[in-house]
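Asks: Have a look at the structure that comes next, please.
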Amino acid sequence: QVELVESGGGLVQAGGSLRLSCIVSGRTFLSYAMGWFRQAPGKEREFVAAISQSGSSTDYADSVKGRFAISRTSAKNTVYLQMNSLKPEDTAVYYCTAGASTLLLAAKTSYYWGQGTQVTVSS
């Protein structure tokens, strides 16, 4: 069983930054591509970013390109989402997910999900 636990959410003013973390339990961290999704109230869950097993390949939603950066470290079984230049429209619950590839994650096909962490950006 794989468990994903997110942290790092909070309240920030527009233009500010936050870094989300997702710790993955178990010894299979390197087996999975990792990703982040978000869901705002009344909206569907949407893809934000993904990173390959090796970390050499990343993918981003157009809405966050140039502002967000995904990274991972096997030493800590952790995947990060650095969020800069935050906007009120980035307000959502952010979910960490693990899957077979960045392509499948972008298509919302994944194996495991975390419980989510709230990010609120005030104007």
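The values are calculated or read from the model by the stated rules, or taken from the named source; none is laboratory data. Just so it is clear, the structure is predicted and the values come from calculations on it, not from any experiment. Ligands, DNA and RNA are stripped out before the accessible areas are found, and what is left, the full protein with its side chains, is counted by its heavy atoms. Shrake-Rupley method; radii C 1.70, N 1.55, O 1.52, S 1.80 Å.
Asks: Semi-axes, largest first, in whole Å: what does sqrt of 5 times each Cα gyration tensor eigenvalue give for region 69-121?
Replies: Whole-Å semi-axes of the equivalent ellipsoid: 21, 15, 11.
Asks: Quick one: pull the percent of accessible area on the chain belonging to carbon and sulfur, 1.4 Å probe, ligands and nucleic acids left out.
Replies: Carbon and sulfur: 49 percent of the exposed surface of the chain.
Asks: How much accessible area per residue does region 62-101 have, counting only protein heavy atoms and a probe of 1.4 Å, in square angstrom?
Replies: 41 Å²
Asks: Give or take rounding to whole Å, what are the principal axis extents of the alpha carbon atoms in region 34-123, in descending order?
Replies: Result, largest extent first: 37, 24, 23 Å.
Asks: So if I average 1/r over every pair of distinct C-alpha atoms in region 48-95 and take the inverse, what Kirkwood radius in Å does that give?
Replies: One decimal place: 11.6 Å for the Kirkwood radius.
Asks: Report, by chain and number, residues whose modeled amide H sits under 5 Å from the one on PHE68, excluding near sequence neighbours (fewer than 5 apart, same chain).
Replies: ASN84
Asks: Please give the length that would be gained between GLN1 and TRP113 if that part of the chain were fully extended, namely 0.36 nm times their separation in residues minus their C-alpha to C-alpha distance (nm, one decimal).
Replies: Difference between extended and current length: 39.1 nm.
Asks: Sorted from largest to smallest, which semi-axis lengths in Å does the alpha carbon gyration tensor of region 1-51 give for its equivalent ellipsoid, taking the root of 5 times each eigenvalue?
Replies: 24, 14, 11
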